[in-house]
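Colleague: There's a structure below that I have some questions on.
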Amino acid sequence: MPDSLLLMMGHPVKEEKDQLIHLKAVGPGEYRGELLTKPEYSWYLTLYPIGNIDLRKDAAWTLSGEIDFRLNEKTGLAPRVK
């Protein structure tokens, strides 16, 4: 696994709320990062094994999913089909 990952949180309605979270490895298969604001409601999630969003098209893999924080604080991510 890479030393860092990039999580893109896309707000479904307000683009200005989108967040990029840089995740750093803190243990085997465990990563942590800081949110700019507390997430509420629904979000689209995309996880990349890169540190720079400009390189996303060259990423070896991508996982994606959705979460609604009103219903749950956990979600699963699945490989994105190209």
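The values are calculated or read from the model by the stated rules, or taken from the named source; none is laboratory data. Because the structure is predicted, anything quoted here is derived from the model rather than measured. Note: ideal-geometry Cβ built from the backbone for every residue, glycine included; neighbour counts use all protein chains shown. Protein only, heavy atoms only, side chains kept; ligands, DNA and RNA dropped before computing areas. Shrake-Rupley method; radii C 1.70, N 1.55, O 1.52, S 1.80 Å.
Colleague: Pairs please, first residue from region 32-46 and in contact (Cβ under 8 Å) with a residue 12 or more places away in the chain, second anywhere and open to solvent by 100 Å² or more (accessible area, probe 1.4 Å) and acidic (Asp, Glu), Cβ atoms under 8 Å, 6+ apart in sequence or on different chains.
Modeller: SER42/GLU66; TRP43/GLU66; TYR44/GLU66; LEU45/GLU66
Colleague: List every residue pair whose Cβ atoms lie under 7 Å apart, where the two residues are 6 or more positions apart in sequence or sit on different chains, the first residue falls within region 58-82 and is under 16 Å from LYS38 (Cβ atoms), and the second residue, located anywhere, is among the charged types (D, E, K, R).
Modeller: Partner pairs satisfying both residue conditions: PHE69/GLU40.
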